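Laboratory data are not the source of any read-out in this text; all were calculated from the coordinates shown. Keep in mind that what you see is a predicted model, and the values were worked out from it rather than measured. Ideal geometry is used to build each Cβ from the backbone, glycine not excepted, and the neighbour counts take in all protein chains shown.
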Amino acid sequence: MNNCNREKETSLDVINTPCNLVINISDEKQSTIKEISISEETLNEDLDQETKIKNSQKINQKSKRLYWADCARIYSILAIIFLHCAGYSCEKTLLKRNDPNLKIICWYNCITRFGVPMFVLLSGTFILDPSKKFSFKKMFKHNILRLATAFAFWSTISALLNIFLYHKNEPSEFLKLFVVGEEYLWFIFMIIGCYLIAPFLRLFSDNVILARYFLGLCVFWGSFIPTLKSIFSSFELKEAQLELNTWTNRWHFHFTLEFVGYFVAGYHIVKNVNISSIYYRLLLYILGVFDVLLIGYLTYHNELKNQRYSKEFRDTCSLTVVFYTVILFIFFKHEIGRIQFSEKAVKVISKFSSLTFGMYLSHMIIKILLSKYCHIRQEEFLGIKVSSKIGCPIAWLMITMVSLLVSYSLSKIPILKNYVV
């Protein structure tokens, strides 16, 4: 009997075992499914977190872009076009016939003198940053090549127009016209020169003491001495001017002259000049306004006195223009830099800024074409005679709109986008 009972119990155990296995297996499956679902949720959370981090990084990268610099670039190209509308030829013509509009045109010409220096300040801001990787390959194949091809393209167009449309030159003169280029293309040669010495300038751009020592030399030799010569010339102090010329010639000092000072100052101001006090900044802006008034006053009275076009106090490297340009640069950095632009505004500003180089390269050609074939110039609009104080702003507006359209159209063509505008 005992044996029989044991056999029955054993048989029952054997029979019950598969059921227990099934139950245990199903429990294990459910726990495994729960673990998988939990791990999936964790993975999704991790992915969401990574996506958020990437998006925040993109936002941070966008926020690092200096939109105030884009605004300064846009403002500068508008000033340059206005300067060329109310520039040398217009002012000289009005002076010759003693036109009462001379005073206003002279002021137009003075307040827009910051244009090219501002471009150079902005170029130095980005090129001389040591935190950005530098290579000679990139400098020559990207920066300088683009400038060279842009010059070749627009110089060719200007030469062909002068020969076949304006009939100012013979076909045999094409090479000369191409190599020299139109006068306004001097900017490309100058900025290439700045790029060529950029590797040396980058060595001390983050050293405050060396950078300020260099800028001090630039101010003294490149601005103070030329301005002193202009003062002697304006007040007809011929003997003092002769002595100063003799003294400076004996130095043979050329290292810190002209635009290299602007090039170095751009990065230095952005990195090391922070004026936190609104009162100091306001005082600086007031001095800047007085400086502009001084430029206009001295220039206008100098022209009336000597009956000739005067650029002594509004030359790009004179102390007066240097002071004006630097204060305006600080204004964009501190005041425009505080503005939180909307996403739509950022897109418009970035796009407009990218078109400014093409606008500069095309605006003088457009100016001549509008003047010659549409009769849109300083004292004429579509054949109707207008006052120069009105005609200059109208011509500026038309040239700006057409050059913007040309630059935008060329930017849509892949090859031209990379090498022409």
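Compute the FRET efficiency between TYR213 and VAL179 as 1/(1 + (r/R0)^6), taking r as their Cβ-Cβ distance and R0 = 22 Å, and round to the nearest 0.05.
That pair, TYR213 with VAL179, gives E of 0.05.
Around LEU177, what is the net charge, scoring Lys/Arg as +1 and Asp/Glu as -1 over all other residues with Cβ under 15 Å from its Cβ? Could the numbers behind the result be given before it?
On the way: positive: LYS168, LYS176; negative: GLU170, GLU173, GLU182, GLU183.
With Lys, Arg at +1 and Asp, Glu at -1, the net is -2.
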* Structure fact -> Helix 186-201 sits off the longest principal axis of the Cα atoms of the chain, rounded to the nearest 10 on a 0 to 90 degree scale, by 60
* To do: Evaluate the Debye formula for the stretch 142-271 with equal point scatterers sitting on the alpha carbons, no solvent, and hand back log10 of I(q)/I(0) at q = 0.18, 0.23 Å⁻¹, in q order, two decimals.
  => -0.98, -1.20
* To do: Express the C-alpha Rg of the stretch 187-228 as a ratio against the empirical globular expectation 2.2 N^0.38 Å, rounded to two decimals.
  => 1.34
* Could you please state, rounded to a whole Å, how far the C-alpha centre of the stretch 370-403 is from the C-alpha centre of the stretch 101-151? => 27
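Please find the FRET efficiency linking THR93 to ARG250, where r is the Cβ-Cβ separation and R0 is fixed at 45 Å, and quote it to the nearest 0.05. If you can, show how the numbers build up before the last one.
Working: r = 40 Å, r/R0 = 0.89.
Given R0 = 45 Å and the Cβ-Cβ separation, E is 0.65.
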* What's the local net charge at ALA211, with K and R +1, D and E -1, over the other residues with C-beta under 12 Å away? -> +2
* To do: Take the alpha-carbon positions of the chain, form their convex hull, and give its projected area averaged over all directions (one quarter of the hull surface) in nm².
  => 36.4
* Structure fact -> Residue separation between PHE200 and LYS412 times 0.36 nm, minus their alpha-carbon distance, gives in nm 72.7 nm
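Which net charge results for the neighbourhood of ARG113, defined as the other residues with beta-carbon distances under 14 angstrom from its beta-carbon, given Lys and Arg at +1 and Asp and Glu at -1?
Values: positive: LYS311, ARG314; negative: GLU91, ASP291, GLU312, ASP315.
In short, -2.
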* How many nm separate the modelled label positions at VAL346 and PHE140, each set 7 Å beyond the Cα in the direction of the Cβ? -> 3.7
* Mean separation of Cα contacts under 8 Å (6+ apart) over length of the stretch 203-259, as relative contact order % -> 43
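Nearest 0.05, what FRET efficiency do LYS133 and TRP186 give at R0 = 25 Å with Cβ-Cβ as r? Don't skip to the end; give the middle numbers.
Details: r = 30 Å, r/R0 = 1.21.
Result of the calculation: an efficiency of 0.25.
Show me 262-268, 219-225 ranked by packing, highest mean number of other Cβ atoms within 10 Å first.
Numbers: 262-268: 25.6, 219-225: 18.6.
Packing order, densest peptide first, comes out as 262-268, 219-225.
With respect to the cross-link table entries LYS176/LYS412; LYS138/LYS344; LYS132/LYS347; LYS168/LYS372; LYS138/LYS333, which display a Cα-Cα separation exceeding 21 Å?
Details: LYS176/LYS412 31 Å; LYS138/LYS344 32 Å; LYS132/LYS347 24 Å; LYS168/LYS372 13 Å; LYS138/LYS333 28 Å.
Flagged as over cut-off: LYS176/LYS412; LYS138/LYS344; LYS132/LYS347; LYS138/LYS333.
Test of understanding: what is the full-extension gain from GLU239 to LEU282, defined as 0.36 nm times their sequence separation minus their Cα-Cα distance?
Working: separation 43, 0.36 × 43 = 15.48 nm, distance 4.07 nm.
Between GLU239 and LEU282, full extension yields an extra 11.4 nm.
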